[in-house]
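> I have a structure I would like to understand better, so I am pasting it below and will then ask my questions one at a time.
The values are calculated or read from the model by the stated rules, or taken from the named source; none is laboratory data. These figures come from a predicted structure and were not determined experimentally. Cβ atoms come from the backbone with ideal geometry, glycine included; neighbour counts cover every protein chain shown.
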Amino acid sequence: MACLAPNGERLLCVGESSSQVRAAYAGAWGEVIRDEDRPTVRAISLQRWAGQFWSGQWEHQMYLTVPTTRSGKATSSEAVDADADAEAELDEETAETTNNGSKTKKK
């Protein structure tokens, strides 16, 4: 799930396992996310379905590196920096939302 600023989301890809999703999401980046939306992507959340197929919910597992090019390839140093920055930014927003009490953060 690509998390957009200020509060949108885009589904990148679906797989049977987290390994399949991690292998496919960078390729989906160039096909699914529009050129004008790419600069607004704050983070990519790897999520899994928890519960029965008719009554469950998506749960966040980890943040994936936001690709920096249309083809979806990022360098390893960019991957480390992007993960840390995205996680810190989303943690701050979640804390603000929780303290406000009137909104809830949907992941």
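> Looking at segment 1-39 only, could you name the residues that are among the hydrophobic types (A, V, I, L, M, F, W, C) and over 15 Å from HIS60 (Cα atoms)?
The answer is LEU4, ALA5, ALA23, ALA24, ALA26, ALA28, TRP29, VAL32, ILE33.
> Suppose we filter segment 4-32 for residues that are in contact with a Leu (Cβ under 7 Å, 6 or more places away or on another chain) and either of a type in the set (Val, Ile, Thr) or assigned to a strand (DSSP E or B) (or both); how many remain?
Residues in segment 4-32 being in contact with a Leu (Cβ under 7 Å, 6 or more places away or on another chain) and either of a type in the set (Val, Ile, Thr) or assigned to a strand (DSSP E or B) (or both): 3 in total.
Table: residues versus (1) more than 12 Å from MET1 (Cα to Cα); (2) at pLDDT 90 or above; (3) surrounded by 13 or more Cβ atoms within 10 Å (Cβ to Cβ).
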{"site": "ARG22", "(1), (2), (3)": "no, yes, yes"}
{"site": "VAL41", "(1), (2), (3)": "no, yes, yes"}
{"site": "ILE44", "(1), (2), (3)": "no, yes, yes"}
{"site": "TRP49", "(1), (2), (3)": "yes, yes, no"}
{"site": "LEU64", "(1), (2), (3)": "no, yes, yes"}
{"site": "THR68", "(1), (2), (3)": "yes, no, yes"}
